[in-house]
Structure formats: structure tokens, C-alpha cells
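There's a structure below that I have some questions on.
The values are calculated or read from the model by the stated rules, or taken from the named source; none is laboratory data. Given the structure is predicted, the values throughout are model-derived calculations rather than measurements. Neighbour counts are summed over all protein chains in view; Cβ atoms, including those assigned to glycine, are modelled from backbone coordinates with ideal geometry. Heavy atoms of the whole protein, side chains included, go into the accessibility calculation; ligands, DNA and RNA do not. Shrake-Rupley method; radii C 1.70, N 1.55, O 1.52, S 1.80 Å.
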Amino acid sequence: MATLVLDNGAYTAKIGYSHAHVSVIPNCQFRSKTARLKTFTANQLDEIKDPSGLFYILPFQKGYLVNWDVQRQVWDYLFGKEMYQVDFVDTNIIITEPYFNFSSIQESMNEILFEEYQFQAVLRVNAGALSAHRYFRDNPSELCCIIVDSGYSFTHIVPYCRSKKKKEAIIRINVGGKLLTNHLKEIISYRQLHVMDETHVINQVKEDVCYVSQDFYKDMEIAKLKGEENTVMVDYVLPDFSTIKKGFCKPREEMVLSGKYKTGEQILRLTNERFAVPEILFHPSDIGIQEMGIPEAIVDSIQNLPEEMQPHFFKNIVLTGGNTLFPGFRDRVYSEVRCLTPTDYDVSVVLPENPITYSWEGGKLISENDDFEDMVVTREDYEEHGHNICEEKFDI
């Protein structure tokens with residue numbers, strides 16, 4: 001019996017059989033400006049000749065799965081002959097969903113997985129639970145960890161103790177990668193070029209040039225300097241999709257500090273945007289979101305727990321999700337949590353080698369567990385008891 005592990009994120013789906021490797025695939029559909037009628041699904045993105053003005057159709061809104069038509073088409077493509085050729089009669093699935101997912105969404109998911117696709121057994125689980133499982137497997141002496149999952153729609157902070165989540169201390173911050181990209185689009189549109197339609201391009205800019213500042217005000221001062229002294233400034237060459245397929249940063253020695261470029265490339269000059277955008281993760285109030293930043297939320301979450309457990313959480317802070325890949329992210333989280341924590345507690349912040357696929361790897365490990373069969377709901381169970389058995393078994 002094969003097991004398919006699908007970490008179904010709002011931006012990418014991490015999918016693969018438990019005995020094989022993982023693929024990270026965009027969990028959405030696209031329409032391009034030129035071929036308006038044709039819809040591209042998931043990783044057909046690479047076939048689009050001109051991805052400028054790319055139009056995204058997302059199954060997730062504000063972190064919850066609401067557009068089932070799109071999600072079905074993405075899944076049909078992933079499970080179909082082009083990708084994983086799933087033989088549903090002989091396959092179990094582990095699939096992730098957000099914390100406190102609405103029961104109506106859970107019911108639709110059960111229906112689609114059991115009745116439409118007819119998987120043999122299903123395990124629905126939070127991505128954080130898989131990450132925690134992976135962490136406890138790598139660190140068998142630890143009993144507690146706190147998972148910081150900073151994804152596309154929002155950031156969750158969830159303490160796990162012996163692989164049970166502590167519901168009373170879960171915190172959600174409504175800042176994720178989507179908001180950062182949108183904010184960067186707004187800043188650039190206001191200061192330089194109108195890029196409000198260029199989500200795809202600006203997302204790439206964000207991934208290429210943004211970093212987390214260790215000292216915001218010091219970097220702000222550097223960003224004001226002129227010429228050579230301004231080490232923050234970079235020139236980003238925008239793609240034109242004929243000769244330049246993907247944007248890139250101009251090497252320092254090729255930068256023209258005053259005057260225009262002769263080469264005719266389209267250039268974005270970025271200074272304080274590079275660190276002011278990721279700063280929103282640490283101070284959402286910068287753009288009027290009245291919430292606390294990640295380090296403060298970690299400390300707040302741990303302080304909601306019994307005092308004797310707190311030191312164990314401080315020394316097992318695990319970062320997952322795409323936003324943790326910003327350079328300097330881990331160090332900044334560490335230094336701020338350290339400042340907010342009593343000196344007699346150890347603080348340790350772990351950034352896994354691949355924070356995006358970390359929870360998928362946890363799912364792979366769970367599928368190899370001996371008690372995996374007790375965790376799933378089989379098709380017979382579902383046909384006999386319906387949605388209720390899933391509600392009892394899955395702790396969402």
C-alpha cells in the first residue's frame with residue numbers, strides 16, 4: 001500500500017510518495033496576459049512564454065481553502081497521468097490543513113478525498129504536527145518544541161508537547177508572504193514603476209533582494225547615504241521575458257551610481273525596501289496591523305503555558321515556512337527572543353535545512369510509523385460512520 005504525502009499549502013503544495021522524493025509545486029492556476037483564455041495549472045507555469053501581468057487564481061483565501069473548483073483541478077493534475085499517476089485503490093493519503101479549520105471545509109475535504117478520489121485511508125493533520133514529529137524524531141531527548149510556521153497567508157506559533165499541540169497557547173499573526181509581496185508592490189509602484197499587476201515578478205524580487213535587518217535604524221541611516229557608502233542599495237534588472245527570462249541583481253562593480261544605464265535594461269533601484277518589507281514580520285504595526293511581531297508572540301505563547309514547561313520550549317524553537325528563508329531571519333528571532341526572556345533560560349532557535357519541506361518530511365516519517373494504521377480513517381470507517389468518525393479521530 002503506497003502512501004502519498006501532500007502538504008497542501010496556500011502558495012505551494014509539497015507532494016510526494018512516502019518512499020520517494022518531494023516536489024514543491026505552485027498550488028494555483030495561472031492565466032497569462034497574452035493567452036487570456038488558456039488556464040495553466042500548477043507547474044505548467046514554466047510553459048508560459050510571457051509571465052508579465054500573470055494572473056493568479058488561488059484556491060486559498062486568507063489561509064483557508066475556499067475555492068474548491070481550482071483546488072480540484074490542481075489535485076486532478078497532481079494525481080493524474082502527468083504527475084503522480086495515483087492508483088487510488090491502492091493508496092493512502094496524508095494531507096495537511098490549517099489550524100482550527102472550519103468544519104464545513106473539513107466535510108468537503110472528506111467528501112472529495114473519500115467519495116470522488118476514493119483513497120483507501122486518509123490522515124488529515126496540521127502541518128505543524130508533522131514538523132513537530134520530525135523534530136522529536138531528530139531530537140529524541142526533547143519532549144517539547146514550539147513550531148513557528150511563517151507561510152503565505154499567516155504565521156502560526158504553536159507549542160507541541162509529546163506531539164500534542166497546546167491549544168491554549170496557539171497564536172496566529174496575520175502576516176505572511178502574500179502580504180509582504182503586496183506591500184513591496186505598493187512601495188515600488190509609489191516610488192518608481194507601476195508594478196501592481198506584476199505579482200510574479202515582484203515576488204521574485206522579494207526573494208532575491210530582501211533580508212531581515214539586525215539593527216533597523218542603523219540600516220536606515222546607511223540607506224540614506226550617497227554613492228559608494230550606501231551598501232544597502234542594489235540595482236535589480238527586471239526581466240523582459242525575451243532576452244532576460246529571470247530578474248537578477250547587478251553585481252556591485254557594474255552598478256552605475258549616478259546617471260543612467262546605457263544598456264537599456266529596466267532597472268529597479270532598491271534601498272530601504274530590502275529590509276523594511278521583511279520588518280513587517282517583526283513589527284506588523286509599521287503598516288497599521290495591530291498585532292505583535294514574531295519574537296514577541298513566541299514569548300507570549302510560551303508564557304501561557306505552565307511555568308515548569310517554559311524552559312523546554314525556549315530551547316526548542318523551530319522555524320518553518322518560506323518566510324524563514326530571508327537572510328538574517330533566524331538571528332533576529334534569536335536576539336529578540338533572548339532579550340525578552342529571563343537570563344536563566346537557554347534560548348535556541350533552529351532553522352532546518354529546508355524549512356519549506358520540513359513538515360512534508362515529518363509526514364513521510366509518520367507514514368512509516370507502526371501506529372500509522374491507528375491514526376488514519378479508512379474508507380470502510382468513513383462509509384459506515386460518515387464525517388463524525390473523522391471529527392473524532394483528527395485533532396485539527
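Among the residues of segment 103-111, is there at least one that is within 20 Å of the chain's Cα centre (by Cα) and either at pLDDT below 90 or over 19 Å from Tyr152 (Cβ atoms) (or both)?
For segment 103-111, residues within 20 Å of the chain's Cα centre (by Cα) and either at pLDDT below 90 or over 19 Å from Tyr152 (Cβ atoms) (or both): absent.
Something else about it: Quick check on segment 150-161. Is at least one of its residues on the phi < 0 side of the Ramachandran plot, in a strand (DSSP E or B), small (Gly, Ala, Ser) and buried (at least 22 other Cβ atoms within 10 Å of the Cβ)? Spell out how you get there, then give the answer.
Applying the first criterion (on the phi < 0 side of the Ramachandran plot) to segment 150-161 yields 150-161.
Checking the rest, the ones that are also in a strand (DSSP E or B) come to 150, 155-161.
Those still in the list that are small (Gly, Ala, Ser) too: 150.
Okay, now just the ones that are also buried (at least 22 other Cβ atoms within 10 Å of the Cβ), so 150.
Within segment 150-161, one or more residues are on the phi < 0 side of the Ramachandran plot, in a strand (DSSP E or B), small (Gly, Ala, Ser) and buried (at least 22 other Cβ atoms within 10 Å of the Cβ).
Are any residues in segment 174-194 surrounded by 19 or more Cβ atoms within 10 Å (Cβ to Cβ) and free of Cβ contacts under 8 Å to residues at least 24 places away in the same chain, and if so, which ones?
Hit for segment 174-194 is Lys185, nothing else.
A further question follows. May I ask you to list the residues in segment 339-368 that are within 26 Å of the chain's Cα centre (by Cα) and of a type in the set (S, T, N, Q)?
Across segment 339-368, the qualifying residues are Ser348, Asn354, Thr357, Ser359, Ser367.
Just wondering, is there one or more residues in segment 319-330 that are of a type in the set (Lys, Arg), in contact (Cβ under 8 Å) with a residue 40 or more places away in the chain and assigned to a helix (DSSP H, G or I)?
no
Yes or no, residue by residue, for (1) open to solvent by less than 50 Å² (accessible area, probe 1.4 Å); (2) touching a Lys or Arg at 6+ places or on another chain (Cβ under 7 Å):
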| residue | (1), (2) |
| --- | --- |
| Gln214 | no, yes |
| Met233 | yes, yes |
| Ser242 | no, no |
| Gln266 | no, no |
| Ile287 | no, no |
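A further question on this structure: Please list, ordered by first then second residue, the pairs with beta carbon atoms under 7 Å, 6 or more apart or interchain, first in segment 132-156 and over 23 Å from Met292 (Cβ atoms), second aromatic (Phe, Trp, Tyr).
Within 7 Å, the pairs are Arg134/Tyr358; Glu142/Phe136.
Residues are listed down the side, and each one gets a yes or a no for (1) under 20 Å from Arg162 (Cβ atoms); (2) in contact with a Lys or Arg (Cβ under 7 Å, 6 or more places away or on another chain):
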site: Leu319; (1), (2): no, yes
site: Leu340; (1), (2): no, no
site: Thr343; (1), (2): no, no
site: Trp360; (1), (2): no, yes
site: Lys364; (1), (2): no, no
site: Glu368; (1), (2): yes, no
site: Asp381; (1), (2): no, no
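This table checks each residue for (1) in contact with a Lys or Arg (Cβ under 6 Å, 6 or more places away or on another chain); (2) of a type in the set (Val, Ile, Thr); (3) buried (at least 20 other Cβ atoms within 10 Å of the Cβ).
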position: Gln73; (1), (2), (3): no, no, no
position: Asp76; (1), (2), (3): no, no, no
position: Phe79; (1), (2), (3): no, no, yes
position: Met83; (1), (2), (3): no, no, no
position: Val89; (1), (2), (3): no, yes, no
position: Ser104; (1), (2), (3): no, no, no
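Then there's this: Examine segment 58-71 for a residue that is within 20 Å of Met196 (Cα to Cα) and open to solvent by 80 Å² or more (accessible area, probe 1.4 Å), and state whether such a residue exists. Spell out the reasoning first.
The first filter runs over segment 58-71 and keeps only residues within 20 Å of Met196 (Cα to Cα), leaving 58, 61-62.
Now drop any that are not open to solvent by 80 Å² or more (accessible area, probe 1.4 Å), which leaves 61-62.
Yes, that holds for at least one residue.
Pull out all pairs, ordered by first then second residue, where Cβ-Cβ is under 8 Å, the residues are six or more apart or on different chains, the first lies in segment 336-355 and is closer than 18 Å to Tyr135 by Cα, and the second is of a type in the set (A, V, I, L, M) and open to solvent by 60 Å² or more (accessible area, probe 1.4 Å).
Pro355/Leu325
Looking only at segment 30-44, filter to residues that are touching a strand residue (DSSP E or B) at 6+ places or on another chain (Cβ under 6 Å) and open to solvent by less than 30 Å² (accessible area, probe 1.4 Å); which one of those is modelled with the highest pLDDT? It would help to see each step written out before you state the result.
Taking segment 30-44 as the starting set, the residues that turn out to be touching a strand residue (DSSP E or B) at 6+ places or on another chain (Cβ under 6 Å) are 30-31, 39-43.
Now restrict to residues that are open to solvent by less than 30 Å² (accessible area, probe 1.4 Å): 30, 40-42.
Working: Phe30: 89, Phe40: 84, Thr41: 85, Ala42: 79.
The qualifying residue modelled with the highest pLDDT is Phe30.
Then there's this: Mind listing whichever residues of segment 216-231 are part of a helix (DSSP H, G or I) and surrounded by fewer than 19 Cβ atoms within 10 Å (Cβ to Cβ)? Write out each step before concluding.
From segment 216-231, those part of a helix (DSSP H, G or I) are 216-224, 227-229; that's our starting set.
Passing the criteria: Phe216, Tyr217, Lys218, Met220, Glu221, Ile222, Lys224, Gly227, Glu228, Glu229.
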